[in-house]
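**Q** Quick one: this structure, given as structure tokens, is what I'll be asking you about.
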Amino acid sequence: MLKVWGRLNSINVQKVMWTLAELELAHEQVDVGGAYGGLDTAEYGALNPNRKIPVLQDGALALWESNAIVRYLAEAHGPKDGLCPADPKEKARADMWMDWQVSTLLPAITPAFHKLIRNNPDYTEEDVRTAERACADAFRILEDWLIGHDFMLGERMTMADIPIGAVTHRWFALPLGRPSLPRVEAYYRRLAERPAYAQHVMLPLT
Ligand SMILES: N[C@@H](CCC(=O)N[C@@H](CS)C(=O)NCC(=O)O)C(=O)O
């Protein structure tokens, strides 16, 4: 059976749990990381030498990097042309946005999350203001991209929506100033209608 290692309040674990729920895949989930610990054992190091969550085990395969896990689940365990587009150009577009989430969107919001939710002393109020501006810039890009379609690649949800949707919840849940972005707001409402998103992503931030 598929096995997910990682605590449920981690945004990167949430992507995996949301994907599993969209695909209705049976799985086991183990709470490790954060207050649960368990990342410093030799066994965990063999699964992920970075000692981070999530890890997905599928038989002999141990996968880390949440977006790689989402891609694998969509391609190997989902229906053809489902979450993973069959058309190489559409798939490349999904990959592009998934990489943008890692390179731009998540780094924009992370300092605000650490200061406002985790009270991490490494971050200051100035970092929160910088994050506010960086998030506004990034979500304006999304606002323009969402012209004329409901989801990242068109009228149906694909794997591109998983990382972007996970950060979108954080943006609306954090006490940050936000410009009015009607298409992003409608996108968030549309995602919120999905039971799998509501259950696995729209959790209180901790
Ligand atoms: N790029 C990695 C990042 C993994 C990561 O940084 N995970 C965090 C949680 S979101 C972690 O393992 N933190 C240590 C812990 O939870 O103890 C991914 O997308 O999977």
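The values are calculated or read from the model by the stated rules, or taken from the named source; none is laboratory data. Worth saying up front: this structure is predicted, and the values here are computed from it rather than measured. Because the Cβ atoms are built from the backbone with ideal geometry, glycine has one as well, and the counts that use them run over all protein chains shown. Ligands, DNA and RNA are excluded from the accessible area calculation, which covers all protein heavy atoms including side chains. Shrake-Rupley method; radii C 1.70, N 1.55, O 1.52, S 1.80 Å.
**Q** Determine the distance separating the Cα centre of region 170-206 from the Cα centre of region 55-124; give it in Å without decimals.
**A** After rounding, the separation between the Cα centres reads 17 Å.
**Q** While we're looking at this one, here's another question. Considering just Cα atoms, how many Å³ per residue does the convex hull of region 88-198 enclose?
**A** For region 88-198, the hull spanned by Cα atoms encloses 98 Å³ per residue.
**Q** With the convex hull built on the Cα atoms of the chain, state its orientation-averaged projected area in nm².
**A** Seen from a random direction, the Cα hull of the chain projects 11.5 nm² on average.
**Q** How many percent of the accessible area of region 1-125 is carbon or sulfur, using a 1.4 Å probe?
**A** Values: 3310 of 6260 Å².
About 53 percent, which is the carbon plus sulfur part of the accessible surface.
**Q** Using heavy-atom solvent-accessible surface (probe 1.4 Å) with all chains present, what is the largest-first order of L116, L174?
**A** L116, L174
**Q** Hey, if we sort K15, K89, K80, K52 by accessible area with the 1.4 Å probe, largest down, what's the order?
**A** K80, K89, K52, K15
**Q** What is the gain in length, in nm to one decimal, between L203 and Y36 on full extension, counting 0.36 nm per residue of separation less the C-alpha to C-alpha distance?
**A** 58.3 nm
**Q** Only Cα pairs under 8 Å and at least 6 apart count here; give the relative contact order of the chain as a rounded whole percent.
**A** 22 percent
**Q** Moving on. In deg cm²/dmol, rounded to 500, what helix-only [θ] at 222 nm does the chain give when every DSSP H run of at least 4 residues adds -39500 (n - 2.57) and the total is split over its residues?
**A** Per the formula, -14500 deg cm²/dmol.
**Q** Averaging over all projection directions, find the projected area of the Cα convex hull of region 2-77 and quote it in nm² with one decimal place.
**A** 4.5 nm²
**Q** If you don't mind, another one. Per residue, how much accessible surface does the chain expose to a 1.4 Å probe? Answer in Å², no decimals.
**A** On the way: 9750 Å² over 206 residues.
Per-residue accessible area for the chain comes out at 47 Å².
**Q** How many nm separate the modelled label positions at K80 and H149, each set 7 Å beyond the Cα in the direction of the Cβ?
**A** Using points 7 Å along Cα→Cβ, the separation is 2.2 nm.
**Q** Answer with one residue from N119, A42, N67: the one whose Cα lies farthest towards the positive end of the charge dipole of the chain, charges on Cβ with Lys, Arg +1 and Asp, Glu -1.
**A** The residue sitting farthest along the positive end of the dipole is N119.
**Q** Got a sec? What order do Y44, Y72 fall in by accessible area at 1.4 Å, biggest, i.e. largest, first?
**A** Ranked from most to least accessible, the order is Y72, Y44.
**Q** Give me the percent of DSSP beta bridges within the chain that run antiparallel, rounded to the nearest 5.
**A** So the antiparallel bridges in the chain amount to around 65 percent.
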